[in-house]
Amino acid sequence: MIDVIVVGAGPTGLMLAAELRLHGVRTLVLDKDPEPTKVVRALGLHVRSIEILDQRGVLDRFLALGTRYPISGFAAMDRPAPPDLDSSHPYILGIPQPVTDRLLAERAVELGAELRRGCELTGLSCDDEGVTAELADGTRLRARYLVGCDGGRSTVRKLVGIGFPGEPSRVEILLGEMEIGVPPETVTEVVTEVRKTEKRFGVGPVGDGVYKVVVPAEGVAEDRSAPPALEEFQRQLKAVAGTDFGVHSPRWLSRFGDATRLAEHYRDGRVLLAGDAAHIHPPTGGQGLNLGVQDAVNLGWKLAAAVNGWAPDGLLDTYETERRPVADDVCNNALAQMELLSTEPGPQAVRRLLAELMDFDVVNRHLVEKTTAIGIRYDFGPGPDLLGRRMRDVRLADGRRLYELMHTGRGVLLDRTGELSATGWADRVDHVVDAGAELDVPAALLRPDGHVAWVGDDQQELLDRLPVWFGAPVG
């Protein structure tokens with residue numbers, strides 16, 4: 001029996017597979033497409049995702065192939081991020097999604113995950129012991145758990161009957177990569193003029209003479225799964241910009257809308273959902289890929305704990321209680337940003353008002369922390385403000401960085417008192433004595449996803465909290 005079947009070899013599924021393999025979980029990733037997609041659905045990584053890659057020791061691979069950019073303003077407003085953002089990585093890493101997919105796939109396979117492409121899931125059934133997955137070729141696979149990371153039209157979600165309520169698309173944007181037939185200076189001149197009023201428009205080079213084209217569609221297509229034709233791009237470019245730039249020879253063509261939907265549940269017994277299978281929203285703010293990767297890191301260690309037999313009661317259910325509100329918030333702010341990009345008088349009036357408010361540091365900081373996901377605080381009950389938040393990368397007394405200690409995906413007890421003990425959990429929690437002056441609390445217990453599960457200096461309080469997240473002590 002396989003421990004976990006992950007359906008979908010996108011960023012969420014591949015990150016989840018890597019997280020599970022850190023804990024020795026036998027993991028099989030299935031994807032219905034025979035080859036990785038070349039469609040660039042996402043263009044970069046936000047601060048929290050960059051931190052996660054640093055925590056797992058693979059950030060250098062992404063930095064080598066990406067480009068660092070300043071953090072952009074909310075709804076494409078020209079406001080710089082606060083200069084003292086609480087992170088060692090206060091930037092956006094520009095990197096096309098196919099590159100991110102490839103690097104995450106390499107990581108998952110290095111750690112021992114099995115990846116099978118061209119395998120379409122057509123049926124599944126569950127019992128008390130596990131899940132049976134049926135593939136299009138008649139193959140039947142047995143696993144203890146199955147996770148649907150198979151996108152907004154998730155087969156897994158439909159097969160288990162989890163509702164996906166929300167709002168349908170009211171507007172649609174065409175997106176593609178193609179060659180153009182006019183000089184670059186003409187493109188720059190036209191784009192500069194059009195974007196003064198139409199923020200949903202753009203034409204920019206991606207290399208090798210190819211340009212990325214973004215332009216509002218005339219309406220919402222009846223069959224949104226079908227890619228648009230080049231003629232539709234030509235027609236809309238003329239309508240919006242007055243020229244079609246002589247576009248030709250497309251690499252790929254796609255469309256996206258402003259639909260927002262959120263799964264009613266993230267778990268049905270031994271079947272779970274993550275990434276776009278659990279939530280869809282407009283791409284404004286570039287939060288979708290990042291949200292899925294962060295879902296995977298929240299779920300991975302909890303699911304591994306269930307497989308390995310030490311998960312405390314209710315641990316796996318905290319995946320939904322923690323991540324679903326985050327997705328709800330992303331759906332809300334992404335839709336709000338989409339509205340603020342409208343050329344209609346009402347949204348434009350709200351945009352001007354919000355631009356004034358963003359001159360206040362507290363407003364600008366709140367919006368930046370929201371879109372970059374470093375402002376997330378899970379509800380762990382009453383306690384210091386740090387409780388439930390992710391820990392920034394502090395320098396330890398011996399010169400090492402905190403994130404260097406997190407490569408194995410274990411919990412960490414940072415201890416400045418030198419008087420605490422987590423002996424019974426030594427197989428799950430690393431104890432760092434003399435944590436260093438950058439840690440501004442006596443001690444902090446970190447979960448494998450980097451969120452702070454306890455803050456204090458009392459040994460009994462620590463002993464009360466350790467079993468909540470790390471199960472019963474050994475020995």
Residues of the stretch 417-430 satisfying the condition of being under 29 Å from the mean Cα position of the chain (by Cα) and free of Cβ contacts under 8 Å to residues at least 40 places away in the same chain: Asp430
Every pair of residues 6+ apart whose Cβ atoms lie under 7 Å, when the first sits in the stretch 324-351 and is more than 15 Å from Glu167 (Cβ to Cβ) while the second is surrounded by 14 or more Cβ atoms within 10 Å (Cβ to Cβ) and of a type in the set (Asp, Glu): Thr343/Glu198; Pro347/Glu339
Filter result for Thr284 (of a type in the set (Ser, Thr, Tyr) and at pLDDT 95 or above): no
Single match in Asp276, Asp268, Asp258 (criterion: acidic (Asp, Glu) and open to solvent by less than 20 Å² (accessible area, probe 1.4 Å)): Asp258
Pairs with Cβ under 6 Å, 6+ apart, first in the stretch 89-117 and under 19 Å from Arg56 (Cα atoms), second of a type in the set (Asp, Glu) and open to solvent by 50 Å² or more (accessible area, probe 1.4 Å): none
Within the stretch 237-277, strands (runs of 3 or more DSSP E) holding 3 or more residues that are farther than 15 Å from Lys158 by Cα: 248-257
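Conditions tested, residue by residue: (1) open to solvent by 70 Å² or more (accessible area, probe 1.4 Å); (2) in contact with a Gly (Cβ under 8 Å, 6 or more places away or on another chain); (3) not aliphatic (A, V, I, L, M).
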residue	(1), (2), (3)
Gly151	no, yes, yes
Lys158	yes, no, yes
Glu172	no, yes, yes
Leu175	no, no, no
Thr186	no, no, yes
Tyr211	no, yes, yes
Subset of the stretch 377-434 [out of contact with any strand residue (DSSP E or B) (no Cβ under 7 Å at 6 or more places or on another chain), over 21 Å from Ala472 (Cβ atoms) and charged (D, E, K, R)]: Asp379, Asp385, Arg392, Asp398, Arg400, Glu404, Glu419, Asp434
Boolean, Asp415 is more than 30 Å from Tyr91 (Cβ to Cβ) and open to solvent by less than 10 Å² (accessible area, probe 1.4 Å): yes
Looking only at the stretch 74-106, and only at residues there that are charged (D, E, K, R) and open to solvent by 40 Å² or more (accessible area, probe 1.4 Å), the one that is farthest from Ala42 (Cα to Cα): Asp84
Extreme residue, nearest to the chain's Cα centre (by Cα), among residues of the stretch 144-176 that are of a type in the set (Gly, Ala, Ser) and over 14 Å from Glu120 (Cα atoms): Gly152
Subset of the stretch 31-69 (residues that are aromatic (Phe, Trp, Tyr) and either assigned to a strand (DSSP E or B) or at pLDDT below 95 (or both)): Tyr69
Number of the condition not met by Thr67 [criteria: (1) under 29 Å from Thr155 (Cα atoms); (2) surrounded by fewer than 17 Cβ atoms within 10 Å (Cβ to Cβ)]: (1)
Residues satisfying the stated conditions in the stretch 53-86, i.e. touching a residue at least 40 places away in the same chain (Cβ under 8 Å) and over 22 Å from Thr284 (Cβ atoms): Asp54, Gln55, Arg56, Gly57, Val58, Arg61, Phe62, Asp86
Counted residues, the stretch 402-412 - those being outside any helix (DSSP H, G or I), free of Cβ contacts under 8 Å to residues at least 40 places away in the same chain and open to solvent by less than 50 Å² (accessible area, probe 1.4 Å): 1
Any chance Ser125 is open to solvent by less than 70 Å² (accessible area, probe 1.4 Å), among the hydroxyl-bearing types (Ser, Thr, Tyr) and farther than 26 Å from Ala18 by Cβ: yes
Residues (touching a residue at least 12 places away in the same chain (Cβ under 8 Å) and open to solvent by 20 Å² or more (accessible area, probe 1.4 Å)) located in the stretch 433-462: Val433, Asp434, Ala437, Glu438, Val441, Pro442, Val455, Asp457, Gln459
Strands (runs of 3 or more DSSP E) contained in the stretch 145-219 and holding at least 3 residues under 30 Å from Val6 (Cβ atoms): 172-179
Residue match in the stretch 422-439 (condition: among the hydroxyl-bearing types (Ser, Thr, Tyr) and assigned to a loop (DSSP other than H, G, I, E, B)): no
Index of the failed condition, Gly399 passing every other in (1) part of a loop (DSSP other than H, G, I, E, B); (2) open to solvent by less than 10 Å² (accessible area, probe 1.4 Å): (2)
Neighbours by Cβ (under 7 Å, 6+ apart or cross-chain): first from the stretch 300-323, closer than 14 Å to Tyr145 by Cα; second part of a loop (DSSP other than H, G, I, E, B) and open to solvent by less than 10 Å² (accessible area, probe 1.4 Å): Trp301/Gly409; Trp301/Pro448; Trp301/Asp449; Lys302/Leu315; Ala304/Val25; Ala305/Leu315; Ala305/Gly471; Val307/Val25
Top-ranked residue in the stretch 1-30 [being touching a helix residue (DSSP H, G or I) at 6+ places or on another chain (Cβ under 6 Å) and either of a type in the set (Ser, Thr, Tyr) or in a loop (DSSP other than H, G, I, E, B) (or both); ranked as nearest to Gly411 (Cα to Cα)]: His23
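The values are calculated or read from the model by the stated rules, or taken from the named source; none is laboratory data. In this text, all values refer to a predicted model and were calculated from it rather than measured experimentally. Every residue, glycine as well, gets a Cβ built from its backbone with ideal geometry; the counts of neighbours run over all protein chains shown. In case anyone asks, the SASA skips ligands and DNA or RNA and just uses the protein heavy atoms, side chains included. Shrake-Rupley method; radii C 1.70, N 1.55, O 1.52, S 1.80 Å.
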